Every structure is written in C-alpha cells, then in structure tokens.
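For reference, the structure is listed below as structure tokens.
Every read-out reported here was derived from the displayed coordinates using simple, explicitly stated rules and does not represent laboratory data. Just so it is clear, the model here is predicted, and its values are computed rather than measured. Heads up, the Cβs are rebuilt from the backbone with ideal geometry, glycines too, and the neighbour counts pull from every protein chain shown.
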Amino acid sequence: MSKKQSKQYDRPLPINIINLPVVTHNPISWIWCLGSYLKQWYQLKQTAVDIQYCDGLFKVSGSHYMNEVWNSGFIGKGILSRSEPTWLQRTRRRLGLDPLFDERGRLQLTNEETVQIRREERKKFKLKREELEAQENHFKTTGDMTSLRKVTKLKSILIEENRQRQRKPLRELVMENYPVTGDKTEQARATSNLFIDERHIKDLEYLQLMPVEALFLSFCFGFEVNDFNLFELFQLCMSHSLEVDNSFILSYIVYHHYKSHGWCVKSGTKFGSDFLLYRRGPPFQHAEFAVLIQPNNKPSNSPLNEWIDISAISRVVGGVNKTLLLSYVTQPTRDAFQQALDLFAESPTPRSLRNLLELYHIDEFIYRRWLPSRNRA
Amino acid sequence: MLDGRNQRCAILLDEEDREMRKPYLDSCLHSDASQPTTMPESDYDASDDEIQDWSVVLSLADQKVPKRGEKDYEPLEGDYDSRNLLEAQGAMFQALEAKKRGFTCNPGQELRYTIRFNRRNQSFYILNAQGKFLDSMGKTDGNQKTWFTKFEALYLIERGTCRITYGEDNSYTLSLEECYTVMLTEDGDIDKYNVYSHLKRNGYIVLEYTLLSTEKETRNFYKDTNIHSVYDKPLFRYTFTNYSTIFYNLQLDIYNRDNVSSAPISQLHICFNVWKPQVNFQKKIPPLPDFQVSVINIENYNFPTLNDISHLLSQANTTLTTSRNPVSNLKFGNENVIIATVDHGLFNFIKLSRTDFHSHGLIWDDKWLKRKHRRAKNLQFSNVYWKSWVNSIRDSLRLLTLRWDSVEA
C-alpha cells in the first residue's frame with residue numbers, strides 16, 4: 001500500500017471528521033488543540049451526494065461525486081471500470097490527452113492499466129516456457145537424457161528470472177517496454193461527439209450502487225435518492241413486497257451489521273456468496289471472509305442439493321483463500337414486523353427504520369472443511 | 001473424499017474372502033490403476049485424497065515407480081507414460097499378492113485376544129485382556145473383564161488384533177462378514193462405524209460422546225459496553241473526532257441473543273469425542289476433547305438449520321485454538337463441532353464454529369489514519385533501501401549459480 005493510497009482513502013465512511021492534534025501535559029498543547037478544533041469545526045463541510053434512481057438503477061454521476069462516494073468506504077462500482085471509476089482517466093490517456101507521468105515524474109497508472117502490463121509480462125513468459133516444454137517432451141520421447149537435462153535447467157533459469165522480474169517496480173517495466181505518450185491515431189478513431197473541446201472529453205461513466213448501499217447511505221448519512229423519503233426508498237428496495245422474509249431486508253441486515261463493525265463490504269457474486277468482507281478495502285488487501293446469508297425458513301429443496309451447493313461454494317471460497325461465513329438471520333413474527341412497519345410508514349425517520357431492523361437477530365458460523373490427515377498435530 | 005469400501009478391501013482379507021469378492025476387487029484394482037491419469041490437476045489439496053501409494057511397498061524391492069501427483073499435462077507419444085503406468089500397476093498387484101492377513105497374536109496368547117460376544121445383551125468383553133490398544137479402548141471391571149462397545153470390537157476384529165467367539169465357546173470364530181451382520185444392526189450404524197474406523201486409522205483417539213464438563217472455555221474478546229446512542233437525524237449533522245465513534249453509533253442491536261428464548265430442538269446429536277494422537281492418554285479421566293464429531297447421512301438430513309447447529313453446539317465442549325492475531329480468533333470461533341457427512345460410504349468432514357463479530361469489536365482502527373512520525377519514516381526508508389540491495393545481490397548470485405550449473409551440464 002502506498003502513502004498516496006492511504007491518503008486518498010482516508011475516510012471509511014462518507015463523513016468528515018475533525019482531526020485533533022496530540023494533547024500533552026503542556027498547557028500550550030491544550031490551547032493548540034482547542035484552536036485546531038474550532039478552526040476545523042468552522043471549515044467542516046459535510047456534503048451529502050445526491051443519488052439518482054432511474055431505470056431501476058441507483059446512480060451517482062459526475063467524477064467529483066463518484067470519487068467522493070468511492071473513496072469513502074469503497075461504495076459502488078464504476079460501470080465502465082473494474083471497480084474504481086477510472087474510465088475518464090484511462091480514455092484521456094488512450095487519446096493522448098494526459099501523459100503517463102505527472103509533472104513531478106511520478107507514474108500515474110489506474111488499476112486496469114497495471115493489470116494489463118502485468119498480464120502482458122506473464123504472457124511473454126508463458127510463451128517462452130511453452131517452447132522449452134515442447135523441447136522437453138521431444139527429448140522425453142526420443143530418450144535423449146542429456147539434452148533433456150539441459151532443457152530442464154534452462155527452464156528453471158527462465159522461471160527464476162521471471163520471479164525476479166515480478167519484483168521489479170512497475171515504473172522500470174513501463175520505461176522499458178511501453179510508449180510514454182498516447183496514440184494520436186486513437187484520437188482520430190474516437191467519435192467527434194465525445195469531445196467537448198480540444199482538450200476535454202465527456203465523462204460517460206457513472207457509479208452504480210447496490211440497493212443495500214443506497215439505503216445505507218440514505219438511512220445513515222442522509223443522502224437523497226431522487227425526492228423519495230426514507231419509507232418510499234425502503235419500499236422501492238423491497239420491490240413493493242413488504243414481507244418479513246423479503247430477501248432485500250435480510251441482505252440489508254447483514255450488510256449493515258458488518259459495515260457498522262468497520263468491515264468493508266462488497267458484493268460476493270464473484271465467489272458464489274452474498275458479500276465479501278475486506279479488512280480495510282480492496283486496494284489494501286484481499287477479502288478475508290465470504291458471507292452467505294442463511295434465511296430462517298428456506299424454501300425446501302431436496303436435501304442433497306443443499307449439501308452440494310454449500311460444499312461447492314466452500315470449495316470456491318477456500319480456493320481463493322477466504323473463509324466462508326454463514327450468517328443466519330432470524331426473523332421476527334409477522335405481527336411484530338407489521339406493527340413496526342406501520343410506525344415506520346407513519347414517520348419515515350431513521351429512528352423508526354432502526355426500530356424495525358432491530359427486530360431481527362443474527363447468528364454467525366464459520367464453515368470449513370476438516371481433514372483428519374491435517375489436524376493430528 | 002474417501003471411499004470406505006475401497007479402503008476396506010485393501011486392508012482385509014483372508015484367502016477365501018478374496019475369492020468371494022474377486023469381481024469387486026478387480027474393479028477396484030482397475031479403477032486404482034487408472035488413478036494417476038485421472039487425478040484432478042489443480043486441486044490444491046489433492047494430497048488429501050488418501051489413495052494407496054503402492055510404490056511405498058516396493059521401495060524395498062529396489063524398483064523405480066513414479067511418485068504420485070507428479071505428471072505431465074498431456075500424454076506423450078511413445079511408451080514414456082504407459083511404461084510408468086505399468087510399473088505403478090505392477091507395484092500394486094505385487095502388494096496385493098502378499099500372503100494372507102487375518103488374526104495374529106503370539107502363540108499361547110489367543111485367549112487374551114479373544115472377544116466374547118454375548119448375543120442376549122449385545123455386549124463384548126475380553127477376559128484378562130492385554131495389549132497396547134487398551135490405552136484408549138475398553139472399560140475394565142472388577143472381574144478382569146474388559147468391556148468394549150460394538151464399534152471398538154468390530155474395529156479390533158477388522159484390524160486383525162482380535163478374534164471373536166460366541167460367549168465362552170472357543171470352537172467357532174465368527175468371520176468378518178458375520179460380524180458386520182450381527183453388530184451393525186441399528187439404522188446409521190454402518191455410517192458411524194465408517195467414520196469411527198476412519199478416524200481410528202488416522203491415529204486419533206475416539207470414544208463415544210459424553211459431556212465431559214459443562215464449564216466451557218471462552219475466548220476473551222475485547223468487550224465494549226454501551227456502544228450505541230439513538231440518533232434521529234442523519235449522522236452527518238453531528239460532529240465527530242474519530243471514525244470509531246461513528247461506527248459505534250451505526251451498530252444495530254441485532255446480535256443480542258437473550259431474546260431468543262426457544263430451546264433448540266433437533267434430532268442431531270454428537271456421536272464421538274475425538275482426541276489428537278497422544279501418549280499418556282487417560283481413558284478414565286480424559287481431558288477435554290479436541291474435536292467432537294456428529295455423523296449425518298445426507299440422504300436423510302438437510303443442511304443443519306440454525307436450531308440444529310445451536311442444539312449441537314449446546315452439547316459441544318472442546319478445547320479452543322487461540323492465536324495472537326485477533327482475526328484468526330474470529331475464524332477459529334468459540335464453540336465448534338465437526339459434522340461427518342456420509343453419502344453411500346463416501347464421507348466428508350465439515351467444521352462449524354460459532355463466531356461473533358460483535359464481541360470481537362471494530363475491525364476499523366483509527367490508527368490507520370495517523371501520519372507516521374518523521375523519524376520513523378526516514379528509518380523505514382533506509383530499511384527498505386537496504387533490503388532492496390540485499391535482495392538484488394542475492395538474486396544475481398542465484399542466477400549466476402544456475403547459469404554456471406547449466407554450462408557444466
């Protein structure tokens with residue numbers, strides 16, 4: 001993790017705080033502290049970003065607002081990017097509007113570009129290795145053992161060299177192999193209505209939010225979605241079936257539970273689960289847990305399928321070094337739910353939504369495969 | 001995954017038994033011989049599939065057989081592959097050709113290794129029993145009789161340690177097939193026995209489940225009391241000086257389990273207490289078990305519901321693994337139970353542990369935002385600088401030696 005990253009992602013939630021200096025025994029530091037507090041309090045700006053709801057999607061547009069939301073807890077996904085909204089940056093680079101290095105000579109690479117460079121490196125290595133393996137097989141069939149040994153040696157050198165190359169800083173790789181400026185011909189290919197003027201292009205990207213994220217931002221931080229009030233938004237997320245076992249409310253409970261314990265929660269569809277839990281966030285480390293929501297009364301499947309499904313998921317999750325977490329959500333009775341819901345409809349405040357959500361309970365279990373041969377010592 | 005039947009037929013049997021099972025045994029042999037080519041390639045724990053490695057047997061016989069798991073991705077032309085395969089097959093056949101196995105003991109000691117089977121009350125005992133296996137099996141009473149459970153008795157017979165007769169009558173020894181028929185009478189017995197013998201063969205100490213102590217070990221999680229205040233307006237209308245407070249404010253009261261009053265009712269129960277292999281095991285006053293195993297046949301049961309799991313865990317009491325890393329503790333959990341799922345003789349083990357993200361506290365740490373002290377930063381820089389030098393020197397040395405080797409070759 002670089003220093004730049006740490007500074008960029010210094011808000012785990014979309015809210016600004018007052019940073020107090022260290023207080024010591026020296027009375028001057030008390031005054032200093034008070035002064036700093038007042039100064040920051042005066043400057044404290046809490047801006048809520050507006051979320052648009054259209055075509056069944058929750059959107060945040062405008063690159064400033066997108067970054068605001070993404071940088072504060074990694075919420076949402078840039079629809080033209082892998083996760084962080086970087087389409088504008090990448091496109092400007094491709095069209096030759098931005099250089100690869102900034103004025104202080106630092107490399108400015110987006111995640112996607114880094115991955116691409118690493119991938120190309122790997123492809124080259126694999127081609128070389130393939131050649132050597134073909135030779136190896138040839139000598140195996142002809143039975144030429146001395147040549148076989150020589151080729152195997154060459155292969156191990158290649159692998160060792162590749163390992164060292166992987167440790168090289170990205171900057172050196174880029175200097176060696178990639179053009180520093182963008183391609184002018186690309187510019188010609190781009191459609192003319194992409195350009196606002198010579199130097200600027202339109203931002204086509206927006207940040208898409210999961211319904212749970214939209215409700216979280218609105219419920220806790222007062223973000224406005226169109227001009228819905230909290231109850232209308234809740235209704236919308238539940239797709240108008242206000243039932244006690246609605247799958248949205250179960251996943252919201254789980255989302256909120258982990259989010260409020262400081263975890264960074266992202267969608268877990270990639271690994272066959274409901275959510276992924278990161279300690280701090282995707283740029284910092286890999287996810288630790290994959291969460292699978294287990295409702296209390298599931299639709300009855302054939303017993304075999306259930307075992308097979310969960311075993312399959314655990315294999316996938318285990319294969320990427322994450323821990324499978326089963327979150328059992330216990331629902332309240334229908335009456336209690338209806339009562340709280342009516343109160344919420346009457347006064348659509350965060351408080352009454354909170355009362356509704358607190359009717360539920362959560363139990364957490366770790367699921368992992370156990371092997372007799374591995375647990376003896 | 002493990003095929004109990006397959007294993008069993010390798011470990012049994014005396015001569016006539018092999019005759020009887022020949023067709024089945026043959027099919028096993030062929031499926032085994034083809035194993036090296038059908039093993040999954042990318043499975044990260046292929047080594048767990050305990051298929052007999054026959055080359056071990058031949059290691060004394062001075063023959064070269066390829067090691068398991070090392071193979072090429074595509075078959076080669078010529079006889080390079082098939083030769084290796086044939087050698088492996090030959091090793092297996094030779095191992096199975098070995099002379100018959102059955103009940104063995106020192107001459108004159110037969111009676112000490114003879115299990116008496118009382119048909120009327122389905123009990124098993126040995127008079128004046130002797131042997132290493134008594135360290136972890138059987139219960140001796142005042143009349144010099146050592147009593148065994150049916151699983152223990154069957155395991156001893158299957159292993160060839162003991163033989164079994166009806167009562168005190170020494171004239172007739174029951175065959176293994178007869179034992180299976182008369183002992184595994186209840187529903188699910190065969191599943192439980194499969195799991196039992198598998199764990200025993202892996203060296204574990206296995207006893208029938210009893211609740212050894214009601215005092216549970218609990219992990220000392222960091223606890224935070226009075227964590228949330230109720231808010232009526234969105235949080236950003238307030239002023240905070242750190243993020244931890246905001247997180248505490250966000251927490252919903254949904255983990256408090258006092259309200260869940262209904263006593264869990266479930267058909268599942270724990271079958272075995274299991275200890276890791278150890279010397280000085282005292283079977284009369286055993287320590288807390290390391291694992292507790294419940295056997296479930298997946299044909300009959302769904303994946304456990306919350307009730308099932310709570311019920312199982314309320315009976316469970318095992319030693320806890322702890323780590324200095326708090327997140328690892330979160331992964332090990334508090335109470336745990338192992339579920340052995342059985343599907344027609346194939347079995348898998350699953351470990352379910354209750355964990356609690358709330359009492360673990362926040363994962364977010366306000367220290368992550370603290371700027372590092374200037375001196376510390378400089379120090380870190382020089383450290384990194386130094387490390388990169390050492391690394392590059394080491395790397396070039398390694399490459400040099402590799403190249404030198406290749407020149408020599």
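Values computed for the structure shown
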| quantity | calculated |
| --- | --- |
| Other protein chain Cβ atoms within 10 Å, averaged over every residue that makes up A:211-218 | 0 |
| Mean Cβ count within 10 Å, highest first, over the residues of peptides B:325-336, A:322-333 | A:322-333, B:325-336 |
| Under the span-like rule (Cα at least 20 Å along the axis, Kyte-Doolittle mean at least 1.0), DSSP H helices of chain A | none |
| Neighbourhood charge, 10 Å Cβ-Cβ cut-off, centred on A:L276 and excluding it, Lys, Arg +1 and Asp, Glu -1 | +1 |
| Computed [θ] at 222 nm, deg cm²/dmol, chain A (DSSP H ≥ 4; -39,500 (n - 2.57); rounded to nearest 500) | -15000 deg cm²/dmol |
| Peptide ranges A:166-174, A:195-203 listed from the most packed, as the mean C-beta count within 10 angstrom indicates | A:166-174, A:195-203 |
| Computed log₁₀ I(q)/I(0) - Debye formula, equal Cα scatterers, no solvent, chain A, q 0.07, 0.14 Å⁻¹ | -0.49, -1.32 |
| Spherically averaged projected area of the range A:241-367 from its Cα convex hull (nm²) | 8.7 |
| Fewest-first sequence of A:V212, A:V69, B:V390 by Cβ atoms within 10 Å of each Cβ | B:V390, A:V69, A:V212 |
| Shape category assigned to the range B:110-185 from the gyration tensor of Cα positions, a/c cut at 1.5 | rounded |
| Shielding of B:347-354 by partner chains, average beta-carbon count, 10 Å | 5 |
| Rounded to 5, the percent of DSSP beta bridges in chain A classed as antiparallel | 75 |
| Cα-centre dipole for the range B:93-216 with unit charges at Cβ (Lys and Arg positive, Asp and Glu negative), debye to 20 | 380 |
| Protection proxy ranking, peptides A:335-347, A:30-42, A:277-289, average beta carbon neighbours within 10 Å, highest first | A:277-289, A:335-347, A:30-42 |
| Relative contact order [Cα under 8 Å, 6+ residues apart], the range B:230-360, whole percent | 21 |
| Net charge over other residues, Cβ less than 9 angstrom from the Cβ of A:F289 (K, R count +1; D, E count -1) | +1 |
| Which of B:M183, A:M175, A:M238, A:M66 has the fewest Cβ neighbours within 10 Å, and the rest in rising order | A:M175, A:M238, B:M183, A:M66 |
| Taking A:D55, B:D343 and counting other C-beta atoms within 10 Å, the order from fewest to most | A:D55, B:D343 |
| Chain A - percent relative contact order, Cα under 8 Å, separation 6 or more | 15 |
| In Hz, Karplus ³J(HN,Hα) per residue of the range B:303-315 (6.51, -1.76, 1.60; θ = phi - 60°; x = Gly, Pro) | 4, x, 7, 4, 4, 4, 5, 4, 4, 4, 6, 5, 8 |
| Part-to-part distance (alpha-carbon centres) for the range A:11-32 and the range A:121-155, which is given in Å | 62 |
| For A:350-361, mean number of other protein chain Cβ atoms within 10 Å | 3 |
